[in-house]
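First the structure, in the form of structure tokens, and then the observations on it.
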Amino acid sequence: MLDYLRLTERATGTKEGCAEGDCGACTVVLRRLVGGSLVYEPVNACILLAGQADGAEIITVENLAEGDRLHPVQQAMVDQHGSQCGFCTPGVVMSLFALYHAAEGPVGRDEINDWLAGNLCRCTGYRPIVDAALAACAGERTDRFTAEEGEVRARLHEFADADELFLGSDEEGGAFFAAPASLRSVSDLLRRFPDATIVAGATDVGLWITKGLRPLPRILWLGRVQALAAIDDAADAVTFGATVTHMRAAPYLAAIDPDLGELMRRFAGQQIRASGTVGGNIANGSPIGDLPPALIALGATLTLRMGERERTLPLEDFFLAYGKQDRAAGEIVRAVRVPKLAADERFRCYKITKRFDQDISAVMGAFKLRLEGAVIAQARIAYGGMAGTPKRARAAERALVGARTDFDESWRGALDALDQDFTPIDDHRASASYRRRIARALLRKALTEMSGAPSAQTRVVGIREERAI
């Protein structure tokens with residue numbers, strides 16, 4: 001999309017910085033209908049495919065001002081001296097423009113900091129930028145975009161059809177971009193072209209293009225298949241379709257447990273959460289994906305579909321080895337079902353990174369216990385970053401059964417058993433010895449909190465008691 005905006009539309013206010021979705025200089029906003037509601041989604045144009053804007057309105061920084069009259073967000077940036085070199089400013093402005101429309105009332109400094117986690121500024125520092133956001137978002141939303149929402153909603157409804165989108169050639173050796181509108185069409189295309197690259201949010205595939213320079217002649221985008229975007233919130237579980245974005249999934253996960261809400265708050269930046277999908281985070285098979293360890297600990301199950309046939313398997317069984325999953329050619333991730341916690345179950349998860357925002361896990365630990373009083377009757381423990389796949393710590397689980405949450409000496413066997421479960425590697429994110437030590441520390445931390453210790457004693461952020469209040 002960035003190339004299209006700059007080279008074809010000559011909308012050069014949108015900049016290229018990192019070309020991998022980290023710096024936010026390329027941020028634009030997609031205004032689209034989601035579940036009948038008009039939403040403003042900040043996205044990274046550098047890794048988003050142009051075809052993914054199908055059915056949406058693209059808003060760039062050039063669109064904000066009306067003649068010489070700046071948008072309230074732009075004017076606040078001027079008034080608060082939030083811009084210096086200006087290179088990253090368009091992306092910052094577009095992120096704040098999305099916040100301006102997403103927030104239902106005045107926003108606080110912490111919320112603004114979270115919203116700007118996907119934008120870098122090396123000139124002014126963030127204080128004047130945050131001050132600009134506080135000023136712009138303090139009052140009623142009165143820009144022209146709000147005034148025209150009724151008309152835009154009607155226009156976008158015209159695009160909400162069941163037509164298939166196919167650009168290119170379906171001849172042998174031909175290249176194409178396809179956006180099927182039904183599961184049957186997806187199956188038909190994959191039967192004919194099993195080598196097609198399946199795309200949901202492109203937050204990973206986009207880097208194959210910009211960084212790996214990989215040719216992707218045949219792309220099958222799932223964004224028009226409404227059946228894959230559904231969320232079923234039942235009494236005992238929530239089921240996410242494969243293309244449900246992290247932004248949409250976050251409140252449902254946070255309702256299961258506050259730690260899942262904290263995990264999603266630190267899941268990349270707002271632009272990635274608006275594009276990246278629950279199914280994509282699973283299907284790419286990364287050993288350091290944020291969601292799989294947490295979902296494995298919760299006992300999630302995965303539904304895969306090929307043609308008209310579907311099969312379900314425990315999520316942990318999907319990951320076979322590094323770079324290898326239990327998914328046949330032409331088979332897609334259909335949905336993931338995440339059980340909710342029972343009254344006698346406790347859950348904790350922690351993400352360990354080199355920096356707080358916008359970073360990939362060095363180690364991710366997730367823990368679910370079923371308690372009978374103070375006795376652990378059942379345990380599910382999963383880690384990311386400790387092996388070639390997200391993996392359960394089965395020896396530690398067995399050692400915890402019968403242990404007491406109120407007697408830390410009974411935990412020793414489980415802590416020692418982690419050395420049987422994992423043989424981590426050294427890489428640029430962490431050494432093997434650090435990973436072993438932090439895995440033990442996270443398990444002890446979870447048990448300490450589940451024993452009743454206030455999380456203010458064990459955490460710097462994500463304190464559970466404050467969130468509960």
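Of ASP416, ASP427, ASP344, which residue is at pLDDT below 95, of a type outside the set (Ser, Thr, Tyr) and exposed (fewer than 15 other Cβ atoms within 10 Å of the Cβ)?
Only one candidate passes the filter, namely ASP427.
Every residue, every condition in (1) part of a loop (DSSP other than H, G, I, E, B); (2) touching a residue at least 24 places away in the same chain (Cβ under 8 Å), yes or no:
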| site | (1), (2) |
| --- | --- |
| LEU304 | no, yes |
| ARG311 | no, no |
| GLU316 | no, yes |
| ALA329 | yes, yes |
| VAL338 | no, yes |
| LEU341 | yes, yes |
| CYS349 | no, yes |
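For region 97-112, indicate whether the set of residues that are in the same structural domain as GLN84 (by TED's automatic domain parsing), touching a helix residue (DSSP H, G or I) at 6+ places or on another chain (Cβ under 7 Å), part of a loop (DSSP other than H, G, I, E, B) and touching a residue at least 60 places away in the same chain (Cβ under 8 Å) is non-empty.
no
Which residues, counting only those in region 126-170, are within 12 Å of GLY55 (Cα to Cα) and of a type in the set (Val, Ile, Thr)?
VAL152
For ALA297, state whether it is crowded, with 22+ Cβ neighbours inside 10 Å, modelled with pLDDT under 95 and farther than 26 Å from ALA328 by Cβ.
For ALA297, the condition - crowded, with 22+ Cβ neighbours inside 10 Å, modelled with pLDDT under 95 and farther than 26 Å from ALA328 by Cβ - is not met.
Which members of region 430-449 meet the condition of being hydrophobic (A, V, I, L, M, F, W, C) and either surrounded by 15 or more Cβ atoms within 10 Å (Cβ to Cβ) or touching a residue at least 60 places away in the same chain (Cβ under 8 Å) (or both)?
Of everything in region 430-449, those that are hydrophobic (A, V, I, L, M, F, W, C) and either surrounded by 15 or more Cβ atoms within 10 Å (Cβ to Cβ) or touching a residue at least 60 places away in the same chain (Cβ under 8 Å) (or both) turn out to be ALA430, ILE438, ALA439, ALA441, LEU442, LEU443, ALA446, LEU447.
Looking for whichever is of a type in the set (Val, Ile, Thr), assigned to a loop (DSSP other than H, G, I, E, B) and not assigned by TED's automatic domain parsing to the domain that holds GLY388 here; the options are ILE288, ILE209, ILE282, ILE198. Which one fits?
ILE288
Being buried (at least 19 other Cβ atoms within 10 Å of the Cβ) and hydrophobic (A, V, I, L, M, F, W, C) is true for just one of ALA379, ALA395, ALA374. Which residue is that?
ALA379
Which ones in region 307-327 are farther than 20 Å from ALA393 by Cβ, surrounded by 12 or more Cβ atoms within 10 Å (Cβ to Cβ) and of a type in the set (D, E, K, R)?
GLU310, ARG311, ASP326, ARG327
Here are THR405, THR389: which of them is buried (at least 19 other Cβ atoms within 10 Å of the Cβ), closer than 20 Å to GLY299 by Cα and touching a residue at least 12 places away in the same chain (Cβ under 8 Å)?
Residue meeting the stated conditions: THR389.
Name the one entry in ALA382, ALA329, ALA335, ALA387 that is modelled with pLDDT under 95, of a type in the set (Gly, Ala, Ser) and under 25 Å from ALA242 (Cα atoms). Can you show your working first?
Working: ALA382 fails: modelled with pLDDT under 95; ALA335 fails: modelled with pLDDT under 95; ALA387 fails: modelled with pLDDT under 95.
Just a single option satisfies the conditions, and that option is ALA329.
Check off (1) free of Cβ contacts under 8 Å to residues at least 24 places away in the same chain; (2) of a type in the set (D, E, K, R); (3) not in a helix (DSSP H, G or I) for ARG122 and give me the number that stays unchecked.
Looking at each condition in turn, ARG122 falls short on (1).
Would you mind listing the helices (runs of 4 or more DSSP H) fully within region 356-469 where at least 2 residues are over 28 Å from the mean Cα position of the chain (by Cα)?
394-400, 412-421, 432-450
Within the bounds of region 294-305, is there any residue that is outside the structural domain of HIS101 (by TED's automatic domain parsing), in contact with a helix residue (DSSP H, G or I) (Cβ under 9 Å, 6 or more places away or on another chain), closer than 22 Å to PHE347 by Cβ and basic (Lys, Arg)?
no
Can you tell me which residue within region 175-195, out of those that are outside any loop (DSSP other than H, G, I, E, B) and of a type in the set (Phe, Trp, Tyr), is farthest from ALA229 (Cα to Cα)?
That would be PHE176.
Give me a count of the residues in region 126-154 that are outside any loop (DSSP other than H, G, I, E, B) and in contact (Cβ under 8 Å) with a residue 12 or more places away in the chain. Talk me through it step by step, then tell me what you get.
Keep residues of region 126-154 that are outside any loop (DSSP other than H, G, I, E, B), which gives 126-136, 144-147, 149-154.
Going one step further and asking which of them are in contact (Cβ under 8 Å) with a residue 12 or more places away in the chain, we end up with 126, 128-136, 144-146, 149, 152-153.
Qualifying residue count for the region: 16.
May I ask you to list the residues in region 41-88 that are in a strand (DSSP E or B) and under 22 Å from ARG122 (Cα atoms)?
Step one: list which residues in region 41-88 are in a strand (DSSP E or B), which gives 41-44, 57-59, 66, 69.
Within region 41-88, PRO42, VAL43, ASN44 meet the criteria.
The values are calculated or read from the model by the stated rules, or taken from the named source; none is laboratory data. Keep in mind that this is a model prediction, so the values were computed, not measured. Backbone-built Cβ (ideal geometry, glycine too); neighbour counts: all protein chains shown.
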